[in-house]
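Inspection log for the structure reproduced underneath, given as structure tokens.
The values are calculated or read from the model by the stated rules, or taken from the named source; none is laboratory data. Computed from a prediction, not measured in an experiment: that's the story for all the values here. Neighbour counts run over all protein chains shown; Cβ positions are idealised from the backbone, glycine included.
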């Protein structure tokens, strides 16, 4: 009788960077000089590193930071950026400007604040603007969280939810056009 077991573990990429961490040879020498173990292959595809290969440090959920090869790092960056760019917001200085952004978001297939109706979005925009006007603040923040439009009075609230602030509306529109 032959028993074969395979364990599959899934790790979520928390952060990946575009620039290489070090050349593998330099990394290996520095680790070995202080008596630490060395990861000699890519954590994702098991590609064996040569001394002149660039290695990329990737932060994963549920384990320590790991080394990736160029190809795996590029894949991780693309997936990470796609997921991250669905969580963006920008500033609006008036009800008309916020409605313009809101209609653009809805035209790209995202849902409204509560459902597919824009009526709730408009009410949320009006509420946020009136609440901010009591504090002499002349703007609100409008964005996308996952697949849904979001409106907030402060930038802090959206940053705590993990959204990224896009200062320029043109860049915000271009990022939403991609998805």
- Note on the structure: Counted residues in region 88-125 being within 25 Å of the chain's Cα centre (by Cα) and either in contact (Cβ under 8 Å) with a residue 40 or more places away in the chain or not in a helix (DSSP H, G or I) (or both) come to 20
- Message: Looking for something closer than 30 Å to residue 59 by Cα and modelled with pLDDT under 85 - is there at least one such residue anywhere in region 149-159?
- Response: no
- Query: Out of all the residues in region 158-179, is one or more part of a loop (DSSP other than H, G, I, E, B), in contact with a strand residue (DSSP E or B) (Cβ under 6 Å, 6 or more places away or on another chain), under 12 Å from residue 92 (Cα atoms) and free of Cβ contacts under 8 Å to residues at least 60 places away in the same chain?
  - Reply: no
- For residue 130, work out the one condition from (1) modelled with pLDDT of 85 or more; (2) within 12 Å of residue 89 (Cβ to Cβ); (3) assigned to a helix (DSSP H, G or I) it doesn't fulfil. (2)
